[in-house]
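The values are calculated or read from the model by the stated rules, or taken from the named source; none is laboratory data. As the structure is a prediction and not an experimental result, all values here were calculated from the model. Here the Cβ positions follow ideal geometry from the backbone for every residue, glycine too, while neighbour counts run over all protein chains shown. Areas reflect the complete protein model, heavy atoms only, side chains present, ligands, DNA and RNA absent. Shrake-Rupley method; radii C 1.70, N 1.55, O 1.52, S 1.80 Å.
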Amino acid sequence: MAVTEIESYLASRQQLVQEALEKSLPPADSYPPAVHRAMRYSLFAGGKRLRPILVLAAGEAVGGAPEPLLPAACAVELIHTYSLIHDDLPAMDNDDFRRGRPTCHKVFGEAVALLAGDALLTQAFAVLSRVEGGIPAAKVLQAIGELAAAAGSQGMIGGQVVDMEAEGRTVTLETINYIHTHKTGSLIRACLRLGGILSGAGEEPLAILTRYGENLGLAFQITDDILDVEGDFTQMGKKGGMDAARGKATYPACLGLEKAKEIAGELCAEAQELARSLGPAAEPLYLLAGYVLARQG
Ligand code: GRG
(Lines give C-alpha, C1' and ligand atoms only; values in the text may rest on other atoms or scores of the structure.)
Protein backbone atom coordinates (compact mmCIF):
# COMPACT_ATOMS: atom_id res chain seq x y z
CA MET A 1 0.00 0.00 0.00
CA ALA A 2 1.42 3.38 -0.98
CA VAL A 3 0.99 5.75 1.93
CA THR A 4 1.10 9.39 1.03
CA GLU A 5 -0.82 10.81 3.93
CA ILE A 6 -0.33 9.81 7.54
CA GLU A 7 -3.80 11.08 8.43
CA SER A 8 -5.56 8.78 5.97
CA TYR A 9 -3.41 5.84 7.09
CA LEU A 10 -4.25 6.56 10.73
CA ALA A 11 -7.95 6.95 9.98
CA SER A 12 -8.18 3.63 8.09
CA ARG A 13 -6.27 1.74 10.79
CA GLN A 14 -8.20 3.45 13.61
CA GLN A 15 -11.40 2.17 12.04
CA LEU A 16 -10.11 -1.42 11.84
CA VAL A 17 -8.94 -1.25 15.45
CA GLN A 18 -12.18 0.36 16.61
CA GLU A 19 -14.28 -2.46 15.12
CA ALA A 20 -12.04 -5.12 16.65
CA LEU A 21 -12.03 -3.40 20.06
CA GLU A 22 -15.81 -3.29 19.97
CA LYS A 23 -15.82 -7.11 19.82
CA SER A 24 -13.03 -7.51 22.37
CA LEU A 25 -15.21 -6.68 25.42
CA PRO A 26 -18.58 -7.98 26.65
CA PRO A 27 -21.50 -5.60 25.88
CA ALA A 28 -21.96 -2.76 28.37
CA ASP A 29 -25.21 -4.19 29.73
CA SER A 30 -23.90 -7.76 30.19
CA TYR A 31 -23.86 -8.91 33.79
CA PRO A 32 -22.40 -7.34 35.90
CA PRO A 33 -22.95 -4.08 34.00
CA ALA A 34 -21.14 -1.87 36.55
CA VAL A 35 -17.74 -3.14 35.50
CA HIS A 36 -18.48 -3.52 31.77
CA ARG A 37 -19.75 0.05 31.54
CA ALA A 38 -16.61 1.34 33.23
CA MET A 39 -14.34 -0.74 30.95
CA ARG A 40 -16.11 0.52 27.85
CA TYR A 41 -16.22 4.11 29.12
CA SER A 42 -12.45 4.25 29.26
CA LEU A 43 -11.70 2.10 26.20
CA PHE A 44 -13.95 4.19 23.96
CA ALA A 45 -12.99 7.58 25.32
CA GLY A 46 -11.26 8.67 22.11
CA GLY A 47 -7.63 7.59 22.34
CA LYS A 48 -5.35 7.90 19.32
CA ARG A 49 -4.88 4.09 19.10
CA LEU A 50 -1.20 4.63 18.39
CA ARG A 51 -0.10 1.36 20.01
CA PRO A 52 -2.47 -0.96 18.09
CA ILE A 53 -1.63 0.88 14.88
CA LEU A 54 2.06 0.25 15.58
CA VAL A 55 1.33 -3.49 15.87
CA LEU A 56 -0.36 -3.43 12.45
CA ALA A 57 2.33 -1.25 10.85
CA ALA A 58 5.11 -3.49 12.19
CA GLY A 59 3.40 -6.52 10.66
CA GLU A 60 2.89 -4.70 7.39
CA ALA A 61 6.58 -3.73 7.33
CA VAL A 62 7.56 -7.40 7.22
CA GLY A 63 4.84 -8.46 4.78
CA GLY A 64 2.03 -9.33 7.22
CA ALA A 65 -1.67 -8.56 6.70
CA PRO A 66 -3.44 -6.45 9.35
CA GLU A 67 -6.44 -8.71 10.11
CA PRO A 68 -4.61 -11.58 11.85
CA LEU A 69 -2.85 -9.00 14.04
CA LEU A 70 -6.04 -7.45 15.37
CA PRO A 71 -6.21 -9.57 18.58
CA ALA A 72 -2.65 -8.47 19.47
CA ALA A 73 -3.45 -4.87 18.52
CA CYS A 74 -6.51 -4.96 20.80
CA ALA A 75 -4.55 -6.58 23.61
CA VAL A 76 -2.02 -3.73 23.80
CA GLU A 77 -4.78 -1.10 23.75
CA LEU A 78 -6.62 -2.91 26.57
CA ILE A 79 -3.42 -2.89 28.65
CA HIS A 80 -2.74 0.74 27.78
CA THR A 81 -6.27 1.70 28.87
CA TYR A 82 -5.96 -0.21 32.15
CA SER A 83 -2.68 1.60 32.87
CA LEU A 84 -4.34 4.99 32.30
CA ILE A 85 -7.28 4.14 34.60
CA HIS A 86 -4.94 3.04 37.40
CA ASP A 87 -2.53 5.92 36.83
CA ASP A 88 -5.39 8.40 37.29
CA LEU A 89 -6.53 6.92 40.63
CA PRO A 90 -6.17 9.01 43.82
CA ALA A 91 -3.44 6.62 45.04
CA MET A 92 -1.36 7.56 41.99
CA ASP A 93 -1.71 10.77 39.96
CA ASN A 94 -5.19 11.63 41.23
CA ASP A 95 -6.32 13.10 37.90
CA ASP A 96 -9.86 14.28 37.20
CA PHE A 97 -9.62 14.40 33.40
CA ARG A 98 -8.33 11.99 30.76
CA ARG A 99 -8.90 12.04 27.02
CA GLY A 100 -11.00 15.19 27.54
CA ARG A 101 -13.52 13.72 29.96
CA PRO A 102 -13.83 12.84 33.63
CA THR A 103 -11.56 9.95 34.64
CA CYS A 104 -13.01 6.48 35.22
CA HIS A 105 -12.98 6.75 39.03
CA LYS A 106 -14.69 10.15 38.90
CA VAL A 107 -17.61 8.58 37.04
CA PHE A 108 -17.77 5.05 38.49
CA GLY A 109 -16.01 5.38 41.86
CA GLU A 110 -12.57 4.19 42.89
CA ALA A 111 -13.39 0.54 43.55
CA VAL A 112 -15.09 -0.04 40.19
CA ALA A 113 -12.33 1.87 38.36
CA LEU A 114 -9.70 -0.33 39.99
CA LEU A 115 -11.60 -3.47 39.02
CA ALA A 116 -12.29 -2.21 35.49
CA GLY A 117 -8.53 -1.76 35.07
CA ASP A 118 -7.87 -5.26 36.39
CA ALA A 119 -10.51 -6.69 34.05
CA LEU A 120 -9.03 -4.89 31.03
CA LEU A 121 -5.59 -6.29 31.85
CA THR A 122 -6.83 -9.86 32.12
CA GLN A 123 -9.07 -9.52 29.07
CA ALA A 124 -6.00 -8.45 27.07
CA PHE A 125 -4.48 -11.91 27.50
CA ALA A 126 -7.77 -13.68 26.78
CA VAL A 127 -7.98 -11.76 23.49
CA LEU A 128 -4.32 -12.30 22.59
CA SER A 129 -4.59 -16.03 23.22
CA ARG A 130 -7.13 -16.43 20.39
CA VAL A 131 -5.19 -18.19 17.68
CA GLU A 132 -6.57 -16.73 14.45
CA GLY A 133 -5.60 -16.02 10.87
CA GLY A 134 -3.28 -19.01 10.49
CA ILE A 135 -0.72 -17.72 12.99
CA PRO A 136 1.14 -20.69 14.54
CA ALA A 137 0.18 -21.30 18.19
CA ALA A 138 3.88 -21.17 19.18
CA LYS A 139 4.09 -17.59 17.91
CA VAL A 140 0.98 -16.66 19.88
CA LEU A 141 2.55 -18.17 23.01
CA GLN A 142 5.72 -16.15 22.39
CA ALA A 143 3.62 -13.00 21.98
CA ILE A 144 1.79 -13.67 25.26
CA GLY A 145 5.12 -14.01 27.09
CA GLU A 146 6.51 -10.85 25.51
CA LEU A 147 3.44 -8.77 26.34
CA ALA A 148 3.32 -10.04 29.92
CA ALA A 149 6.99 -9.15 30.43
CA ALA A 150 6.53 -5.71 28.85
CA ALA A 151 3.59 -4.89 31.12
CA GLY A 152 5.03 -6.37 34.33
CA SER A 153 7.38 -5.44 37.14
CA GLN A 154 10.43 -5.33 34.87
CA GLY A 155 8.55 -3.39 32.22
CA MET A 156 5.75 -0.82 32.50
CA ILE A 157 5.03 -1.39 36.19
CA GLY A 158 8.75 -1.16 37.03
CA GLY A 159 8.88 2.21 35.26
CA GLN A 160 5.82 3.43 37.15
CA VAL A 161 7.33 2.43 40.51
CA VAL A 162 10.62 4.24 39.82
CA ASP A 163 8.63 7.23 38.54
CA MET A 164 6.69 7.39 41.81
CA GLU A 165 9.89 7.08 43.86
CA ALA A 166 11.51 9.88 41.85
CA GLU A 167 8.69 12.38 42.47
CA GLY A 168 9.95 15.55 44.16
CA ARG A 169 13.58 14.37 44.05
CA THR A 170 16.47 15.32 41.81
CA VAL A 171 17.36 12.26 39.77
CA THR A 172 20.00 11.43 37.19
CA LEU A 173 19.36 11.23 33.46
CA GLU A 174 20.01 7.50 33.80
CA THR A 175 17.03 7.18 36.17
CA ILE A 176 14.85 9.29 33.87
CA ASN A 177 15.82 7.01 31.00
CA TYR A 178 14.89 3.96 33.08
CA ILE A 179 11.48 5.51 33.85
CA HIS A 180 10.77 6.51 30.25
CA THR A 181 11.98 3.31 28.60
CA HIS A 182 9.99 1.18 31.04
CA LYS A 183 6.85 3.15 31.92
CA THR A 184 6.13 4.12 28.32
CA GLY A 185 8.79 2.45 26.19
CA SER A 186 8.19 -1.19 27.16
CA LEU A 187 4.66 -1.34 25.77
CA ILE A 188 5.56 0.55 22.60
CA ARG A 189 8.57 -1.75 22.00
CA ALA A 190 6.25 -4.74 22.56
CA CYS A 191 3.85 -3.42 19.87
CA LEU A 192 6.63 -3.57 17.29
CA ARG A 193 7.83 -6.98 18.41
CA LEU A 194 4.32 -8.48 18.53
CA GLY A 195 3.55 -7.21 15.01
CA GLY A 196 6.84 -8.70 13.79
CA ILE A 197 6.66 -12.02 15.65
CA LEU A 198 3.05 -12.75 14.68
CA SER A 199 3.81 -11.89 11.04
CA GLY A 200 6.71 -14.35 10.97
CA ALA A 201 9.54 -11.78 10.83
CA GLY A 202 13.06 -13.20 10.63
CA GLU A 203 15.74 -12.42 13.21
CA GLU A 204 17.18 -9.39 11.48
CA PRO A 205 13.93 -7.54 10.63
CA LEU A 206 12.70 -8.29 14.16
CA ALA A 207 15.86 -6.72 15.61
CA ILE A 208 15.27 -3.64 13.44
CA LEU A 209 11.63 -3.40 14.55
CA THR A 210 12.78 -3.70 18.16
CA ARG A 211 15.29 -0.86 17.81
CA TYR A 212 12.68 1.25 16.03
CA GLY A 213 10.29 0.60 18.96
CA GLU A 214 12.92 1.55 21.53
CA ASN A 215 13.68 4.83 19.77
CA LEU A 216 10.03 5.64 19.24
CA GLY A 217 9.04 4.75 22.82
CA LEU A 218 11.62 7.09 24.33
CA ALA A 219 10.81 9.83 21.80
CA PHE A 220 7.09 9.45 22.58
CA GLN A 221 7.60 10.02 26.31
CA ILE A 222 9.99 12.95 25.75
CA THR A 223 7.40 14.60 23.48
CA ASP A 224 4.81 13.92 26.20
CA ASP A 225 7.09 15.71 28.69
CA ILE A 226 7.45 18.62 26.24
CA LEU A 227 3.68 18.80 25.63
CA ASP A 228 3.10 18.98 29.37
CA VAL A 229 5.18 22.19 29.37
CA GLU A 230 4.00 23.87 26.19
CA GLY A 231 1.17 21.81 24.67
CA ASP A 232 -2.31 22.79 23.60
CA PHE A 233 -4.24 21.46 26.56
CA THR A 234 -7.58 21.45 24.75
CA GLN A 235 -6.13 19.05 22.17
CA MET A 236 -4.46 16.99 24.88
CA GLY A 237 -7.71 16.57 26.83
CA LYS A 238 -5.96 17.04 30.18
CA LYS A 239 -4.35 19.72 32.32
CA GLY A 240 -0.83 20.87 31.44
CA GLY A 241 2.03 21.79 33.77
CA MET A 242 1.29 18.81 35.98
CA ASP A 243 4.77 17.27 35.73
CA ALA A 244 6.42 20.39 37.18
CA ALA A 245 3.69 20.73 39.85
CA ARG A 246 4.30 17.13 40.94
CA GLY A 247 8.08 17.37 40.74
CA LYS A 248 8.20 14.63 38.07
CA ALA A 249 11.42 13.42 36.51
CA THR A 250 11.26 14.68 32.91
CA TYR A 251 13.62 15.53 30.06
CA PRO A 252 12.73 19.25 30.02
CA ALA A 253 13.25 19.45 33.81
CA CYS A 254 16.62 17.71 33.56
CA LEU A 255 18.03 19.08 30.29
CA GLY A 256 15.83 22.05 29.34
CA LEU A 257 13.19 22.28 26.61
CA GLU A 258 15.51 22.87 23.66
CA LYS A 259 17.78 19.92 24.43
CA ALA A 260 14.73 17.72 25.05
CA LYS A 261 13.36 18.68 21.60
CA GLU A 262 16.73 18.01 19.97
CA ILE A 263 16.95 14.53 21.49
CA ALA A 264 13.35 13.67 20.56
CA GLY A 265 14.14 14.76 16.98
CA GLU A 266 17.26 12.59 16.86
CA LEU A 267 15.42 9.55 18.20
CA CYS A 268 12.66 9.92 15.61
CA ALA A 269 15.18 10.47 12.80
CA GLU A 270 16.94 7.25 13.81
CA ALA A 271 13.60 5.44 13.93
CA GLN A 272 12.90 6.70 10.41
CA GLU A 273 16.27 5.43 9.19
CA LEU A 274 15.51 2.03 10.68
CA ALA A 275 12.10 2.03 8.96
CA ARG A 276 13.78 2.93 5.64
CA SER A 277 16.11 -0.04 6.03
CA LEU A 278 13.07 -2.34 6.02
CA GLY A 279 12.02 -1.17 2.54
CA PRO A 280 8.83 0.35 1.05
CA ALA A 281 6.42 -1.77 3.14
CA ALA A 282 7.70 0.09 6.20
CA GLU A 283 6.52 3.46 4.88
CA PRO A 284 3.76 3.64 7.56
CA LEU A 285 6.39 3.14 10.28
CA TYR A 286 8.47 5.91 8.70
CA LEU A 287 5.49 8.26 8.71
CA LEU A 288 4.44 7.27 12.24
CA ALA A 289 7.83 8.34 13.59
CA GLY A 290 7.28 11.78 12.06
CA TYR A 291 3.77 11.87 13.51
CA VAL A 292 5.01 11.09 17.04
CA LEU A 293 7.50 13.95 16.85
CA ALA A 294 4.92 16.44 15.54
CA ARG A 295 1.97 15.32 17.66
CA GLN A 296 0.00 17.92 19.61
CA GLY A 297 -2.06 15.65 21.82
C1 GRG B 1 -0.48 2.56 36.77
C2 GRG B 1 -0.44 0.19 35.90
C3 GRG B 1 0.06 1.54 35.84
C4 GRG B 1 1.00 1.84 34.93
C5 GRG B 1 1.49 3.15 34.81
C6 GRG B 1 1.60 3.84 31.27
C7 GRG B 1 1.51 4.23 32.68
C8 GRG B 1 2.28 3.42 33.62
C9 GRG B 1 0.76 5.25 33.12
C10 GRG B 1 -0.09 6.05 32.28
C11 GRG B 1 0.20 7.52 32.45
C12 GRG B 1 1.25 8.08 31.57
C13 GRG B 1 1.40 9.52 31.50
C14 GRG B 1 1.99 7.29 30.85
C15 GRG B 1 2.99 7.68 29.95
C16 GRG B 1 2.59 7.20 28.63
C17 GRG B 1 1.64 8.11 27.98
C18 GRG B 1 2.16 9.37 27.45
C19 GRG B 1 0.37 7.76 27.88
C20 GRG B 1 -0.62 8.47 27.08
O21 GRG B 1 -0.65 7.80 25.86
P22 GRG B 1 -1.37 8.36 24.58
O23 GRG B 1 -0.97 9.78 24.35
O24 GRG B 1 -2.90 8.34 25.04
O25 GRG B 1 -1.15 7.40 23.46
P26 GRG B 1 -4.23 8.08 24.20
O27 GRG B 1 -5.31 8.70 25.04
O28 GRG B 1 -4.13 8.71 22.84
O29 GRG B 1 -4.36 6.59 24.11
Which value results when the Cα radius of gyration for the chain is divided by 2.2 N^0.38 Å? 0.95
Could the peptides 269-278, 156-165, 185-194 be put in order, highest first, of the mean number of other beta-carbon atoms found within 10 Å of their residues? 185-194, 269-278, 156-165
For K259, give me every one of the lysines with a C-alpha distance below 29 angstrom, ignoring sequence neighbours fewer than eight places off in its own chain. K48, K183, K238, K239, K248
Counting only backbone N atoms under 19 Å from a point 7 Å out along Cα-to-Cβ of K106, the residues of region 38-53 in range are 38-48
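Could you tell me what a quarter of the Cα convex hull surface of region 17-61 works out to, in nm² with one decimal place?
On the way: hull surface 13.3 nm².
For region 17-61, the mean projected area of the Cα convex hull comes to 3.3 nm².
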Interchain or sequence-distant (5+) residues whose placed amide H lies within less than 5 Å of the amide H of R98 are T103
Electrostatic dipole magnitude of the chain [Cβ: Lys, Arg +1; Asp, Glu -1; Cα centre; debye, to 20]: 520 debye
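Could you look at the chain and say what percent of its accessible area is carbon and sulfur, using a 1.4 Å probe and all protein chains?
Numbers: 7070 of 12760 Å².
Roughly 55 percent of what the probe reaches on the chain is carbon or sulfur.
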Say each of Q142 and E266 gets a label point 7 Å from the Cα, pointing the same way as Cα to Cβ; how far apart are those two points in nm? 3.3 nm
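Just to confirm the filter: which trypsin sites (Lys or Arg not before Pro) across region 1-78 are DSSP coil and have at most 16 other Cβ within 10 angstrom of their Cβ? If you can, show how the numbers build up before the last one.
Details: sites: R13, K23, R37, R40, K48, R49; in loops: K48, R49.
Sparse-neighbourhood loop trypsin sites (Lys or Arg not before Pro): K48.
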Which whole DSSP H helices in the chain pass both tests: a Cα extent of 24 Å or more along the axis and a mean Kyte-Doolittle value no lower than 1.0? 110-128
Point-charge dipole on Cβ atoms (K/R +1, D/E -1) for region 110-226, about Cα centre, debye to 20: 340 debye
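To one decimal place, what orientation-averaged projected area in nm² is obtained for the convex hull of the Cα set of region 130-266?
9.6 nm²
What whole-number value in cubic angstrom gives the convex hull volume per residue for the C-alpha atoms of region 139-219? The partial results should precede the final answer.
Numbers: hull volume 5.9 nm³, N = 81.
It comes to 72 Å³ per residue, whole-number rounded.
Report the extension gain between R276 and K259 in nm, rounded to one decimal, defined as 0.36 nm multiplied by the number of residues separating them, less their alpha carbon distance.
On the way: separation 17, 0.36 × 17 = 6.12 nm, distance 2.56 nm.
Between R276 and K259, full extension yields 3.6 nm more.
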Over the alpha-carbon set of region 246-297, divide Rg by the Kirkwood Rh and report the Rg/Rh ratio to two decimals. 1.11
Taking the simple approach of a point 7 Å from Cα along Cα-to-Cβ for both A91 and Q18, what is their distance in nm? 3.4 nm
List the aspartates and glutamates whose alpha-carbon lies under 18 Å from that of K139, not counting same-chain residues fewer than 8 positions away? E60, E67, E203, E204
Around G297, which amide H atoms from residues at least 5 apart in sequence, or from another chain, sit under 5 Å from its own amide H, with H modelled in the peptide plane? none
Among A149, Y286, T172, whose Cα lies farthest out toward the positive end of the dipole of region 146-297, if unit charges sit on the beta carbon of Lys, Arg (+1) and Asp, Glu (-1)? A149
Per-residue counts of other Cβ atoms within 10 Å, averaged by peptide: what ranking do you get for 90-100, 142-152, highest first? 142-152, 90-100
Backbone N under 15 Å from the Q296 label point (7 Å along Cα→Cβ), restricted to region 193-230: 227-228, 230
Ranked by how many other beta carbons lie within 10 Å on average, peptides 218-226, 132-140 from highest: 218-226, 132-140
